[in-house]
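A quick write-up on the structure given underneath.
Only the coordinates and a few stated rules stand behind these numbers; no lab work does. Computed from a predicted structure; not experimentally measured. Cβ: placed from backbone, ideal geometry, glycine included. Neighbour counts: every protein chain shown.
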Amino acid sequence: MAAAGIDAAVSEAAALVTDGAKVGLGSGRAAEAFLARLAERARAGLSVTCVATSEAIAHLARAAGLLLAELDDATLLDVTVDGADEVAPNLDLVKGRHGALVRERIVAAASRRQVIVVGPEKLVGALGATGPIPVEVIPMALGPCLRRLRELGSRPALHLAADGGRPFVSDNGNLIVDVTLRAPLVDAAVARAFESALRGIAGVVDTGLFLGTAGRVLVGHPDGRVEILTRQDR
């Protein structure tokens, strides 16, 4: 997503945050840009409390002067703003290729609504079209999980850290397996069936298939135009 698209889309997302709101901070490039814009509004007087989806985002939020809180049984966030790796026509998502999918899921589930900020390159005809589905796995279960994923017809590969020399370890102490599909998930029914199969594997903590979670997607185009996509069942 070009800079003009990022700026326009994150500004639109930040404008949705009202004074006194509780906000979930997603992870990734678009989410970091939103965090910076939200911090500008906070320095200008906006009162906001945030919950981060990763240790890296928590560090950036503290450095920007944003107030952070933990989720508890009384916490209901007003909105979570996050990015996505892929957005299907029905606004189903692939998320988590950067490794924060479990905490992103928890924060999204604790929110009244989830707003996604992407560039047009993230819009796909079917999930799995541009890359793998990340799956978080308990380390002890890695071998059996890889075997079962192959039996499902996918090509699983252990996600490596940025230096490429060791496995990536999530903030939860787990491993990420990148699951490449034989063919994209052609519709919502196929995506839900595959997600169910993944969740049925012992040792799988969560998947990067975020189905039915996004209420609104803000698409920032290179010319600065923001396209607003809304889930039809909401």
I want to make sure I understand the PRE zone here: with the label point 7 angstrom from the Cα of Ala202 toward its beta carbon, which residues in the stretch 133-147 have backbone N atoms less than 15 Å away? 138-147
Its Cα gyration tensor gives the chain an equivalent ellipsoid whose semi-axes in whole Å, largest first, are 29, 20, 16
The stretch 60-151: relative contact order as a whole-number percent, Cα under 8 Å and 6+ apart: 31
What number comes out for the charge environment of Asp85, summing +1 per Lys or Arg and -1 per Asp or Glu over other residues with Cβ under 10 Å away? +2
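List the trypsin sites (Lys or Arg not before Pro) within the stretch 128-212 that DSSP assigns to loop and that have no more than 10 neighbouring Cβ atoms inside 10 Å.
Arg182
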Per-q log10 I(q)/I(0), the stretch 64-186, q = 0.12, 0.17 Å⁻¹ (Debye; single scatterer per alpha-carbon; no solvent): -0.54, -1.01
Of the beta bridges DSSP finds with both residues in the stretch 15-103, what % are antiparallel, to the nearest 5? 15
Checking Leu152, Leu77, Leu68 against a Gaussian network model of the chain (alpha-carbon springs below 10 Å), the top fluctuating residue turns out to be Leu152
As a test of the formula, what do you get for the chain when each DSSP H run with n ≥ 4 contributes -39,500 (n - 2.57) and the sum is divided by the residue count, at 222 nm and rounded to the nearest 500 deg cm²/dmol? -9000 deg cm²/dmol
Give, as a single signed number, the net charge of other residues whose beta carbon lies under 13 Å from the beta carbon of Gly119, with Lys and Arg counted +1 and Asp and Glu -1. -3
Under the definition of Cα pairs under 8 Å and six or more residues apart, what whole-number percent is the relative contact order of the chain? 25
Label-point separation, Arg147 to Arg225 (7 Å along Cα→Cβ), nm: 5.3
GNM top mover of Ala126, Ala14, Ala189 - the chain, alpha-carbon springs below 10 Å: Ala189
Taking the Cβ-Cβ separation of Glu40 and Arg182 as r and a Förster radius of 45 Å, what is the calculated FRET efficiency to the nearest 0.05? 0.50
Given points 7 Å out from each Cα along the Cα-Cβ axis, report the Ala63 to Gln232 separation in nanometres with one decimal. 4.3
Report, in debye and to the nearest 20, how large the dipole of the chain comes out about its Cα centre when Lys and Arg carry +1 and Asp and Glu carry -1 on their Cβ. 340
Semi-axes of the equivalent ellipsoid for the stretch 24-91, please: Cα gyration tensor eigenvalues, times 5, square-rooted, ordered largest first, whole Å. 20, 15, 12
If I take every Cα pair under 8 Å that is 6 or more residues apart in the stretch 1-99, average their sequence separation and divide by the length, what percent do I get for the relative contact order? 30
The chain: antiparallel DSSP beta bridges as a percent of all, rounded to 5: 55
Candidates Asp72, Asp178, Asp223: whichever shows maximal mean-square fluctuation once the chain is modelled as a Gaussian network with Cα springs under 10 Å: Asp72
